[in-house]
Amino acid sequence: MITHELSNEQYHASEGVSSSDVKVVLTSTLFHWKNKRFTTSTAMELGTAVHSMLLEPELDEVVRGPETRRGNAWKEAQEECRASGKTLLTEADYDVCEDMSVAMMANPTCAKILADKSAIKEASIFADCPRTGLKLRCRPDIYVPSTGVMGDVKTTRDASPREFARQTYNLRYDVQAAFYKYVAELGADWKVRHFAFLAVENSAPYATCLHSLSMEAMEIGREHMFRALDEIAEAKRSDQYSTGWPSFNMIHPPTWMVED
């Protein structure tokens, strides 16, 4: 099932396993996934703002607020934005996000995807996994039906090919991509031929780069995605969410220290 009626907040409150859940299981443990807590940070707010500016600028969901987060002016503006579901930023943070968005659109490869008039943006997709029986959900940033390109906007400290490749595997962006593709094909019958990360650095001069995952990378991400889904399904059946750690662990000096 696909819907365009849900806000980002409503989507995240919906039932279903998400790519974030799968990544937590792979990078941490079932215990950490089961007991995860949702927190927000300034960095997350900046990321949300850049997404809004690039993907749905017509909604005008980002507000340039007071100079600082202190005082009644900020509190009053914050209450108004919360009531209307908008993102409030300080003057400086808003200007940074605007500069990041301009930089992204100045990259012709990224701009071609973002400006495509047939692009489907911020759609919420739900599907049942035939392998595990789990309810799944995803919300891809953008999908272009004519080319089969699915994209995800990433704000990052370093968008260079070498560093972003490290981030991809440290943060399991490859699994995220495989998960989005899987759910979109199940729930929306989308034909995803390529998955691209549109990366922009969060400090001047706001360098950008489009990173695409190879078929081999997508296949490995898919294998690891299924491994995590299998673990989640089994944990739900058994109601066991452990770390998998021993109750006692002996720490020995590393080889290099012993040799010294």
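The values are calculated or read from the model by the stated rules, or taken from the named source; none is laboratory data. Here the structure is a predicted model, which is why all the values come from computation and not from measurement. Here the Cβ is made from the backbone with ideal geometry for all residues, glycine too, and neighbour counts use every protein chain on show. Just the protein is used for accessible areas: all its heavy atoms, side chains included, with ligands, DNA and RNA removed. Shrake-Rupley method; radii C 1.70, N 1.55, O 1.52, S 1.80 Å.
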In contact with a strand residue (DSSP E or B) (Cβ under 7 Å, 6 or more places away or on another chain) and more than 25 Å from Y241 (Cβ to Cβ), is that true of T48?
yes
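Here are P246, P205: which of them is open to solvent by 80 Å² or more (accessible area, probe 1.4 Å), in a loop (DSSP other than H, G, I, E, B), in contact (Cβ under 8 Å) with a residue 24 or more places away in the chain and not hydroxyl-bearing (S, T, Y)?
Being open to solvent by 80 Å² or more (accessible area, probe 1.4 Å), in a loop (DSSP other than H, G, I, E, B), in contact (Cβ under 8 Å) with a residue 24 or more places away in the chain and not hydroxyl-bearing (S, T, Y) holds for just one of P246, P205, which is P205.
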Report yes if R64 is in contact with a helix residue (DSSP H, G or I) (Cβ under 6 Å, 6 or more places away or on another chain) and basic (K, R), otherwise no.
yes
Among the listed residues Y11, Y94, identify the single one that is more than 30 Å from E234 (Cα to Cα), surrounded by 12 or more Cβ atoms within 10 Å (Cβ to Cβ) and among the aromatic types (F, W, Y).
Y94
Exactly one of D128, D99 is out of contact with any strand residue (DSSP E or B) (no Cβ under 8 Å at 6 or more places or on another chain) and open to solvent by 50 Å² or more (accessible area, probe 1.4 Å), and that residue is D99
Filtering the range 14-35 down to residues that are more than 16 Å from the chain's Cα centre (by Cα) and open to solvent by 40 Å² or more (accessible area, probe 1.4 Å) yields E15, S28, F31, H32, K34, N35
Pair list, Cβ < 9 Å and 6+ apart or interchain, from the range 211-228 residues that are under 22 Å from S160 (Cβ atoms) to residues that are buried (at least 18 other Cβ atoms within 10 Å of the Cβ) and of a type in the set (S, T, N, Q):
H211/T168; L213/T168; A217/T168; G221/Q176
Can you list the strands (runs of 3 or more DSSP E) lying wholly within the range 135-187 that have 3 or more residues being at pLDDT 95 or above and either in contact with a Ser or Thr (Cβ under 9 Å, 6 or more places away or on another chain) or closer than 13 Å to F197 by Cβ (or both)?
135-138, 149-156
E219 is checked against (1) among the acidic types (D, E); (2) closer than 22 Å to S28 by Cβ; (3) in a helix (DSSP H, G or I) and fails just one. What number does that condition carry?
(2)
Restricted to the range 162-189 and to residues being free of Cβ contacts under 8 Å to residues at least 60 places away in the same chain and of a type in the set (F, W, Y), the residue surrounded by the fewest Cβ atoms within 10 Å (Cβ to Cβ) is Y169
With the requirement that a residue be farther than 30 Å from A119 by Cβ and either of a type in the set (S, T, Y) or at pLDDT 85 or above (or both), what does the range 28-63 give you?
S28, T29, L30, F31, H32, W33, K34, N35, K36, T39
Give the residue, chosen from T42, T48, that is surrounded by 12 or more Cβ atoms within 10 Å (Cβ to Cβ), among the polar types (S, T, N, Q) and touching a residue at least 24 places away in the same chain (Cβ under 8 Å).
T48
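Would you confirm, using the coordinates I've provided, whether V192 is assigned to a helix (DSSP H, G or I) and β-branched (V, I, T)? Break it down stepwise before answering.
Working: assigned to a helix (DSSP H, G or I): no; β-branched (V, I, T): yes.
Spelling it out, it is not the case that V192 is assigned to a helix (DSSP H, G or I) and β-branched (V, I, T).
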Checked the range 227-243 for anything under 16 Å from K23 (Cα atoms) and either open to solvent by 100 Å² or more (accessible area, probe 1.4 Å) or assigned to a helix (DSSP H, G or I) (or both); matches are R227, A228, L229, D230, E231, I232, A233, A235
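Taking the range 51-76 as the search range and keeping residues that are part of a helix (DSSP H, G or I), among the hydrophobic types (A, V, I, L, M, F, W, C) and without any contact (Cβ under 8 Å) to a residue 40 or more places away in the chain, which one is most open to solvent (accessible area, probe 1.4 Å)?
Result: L59.
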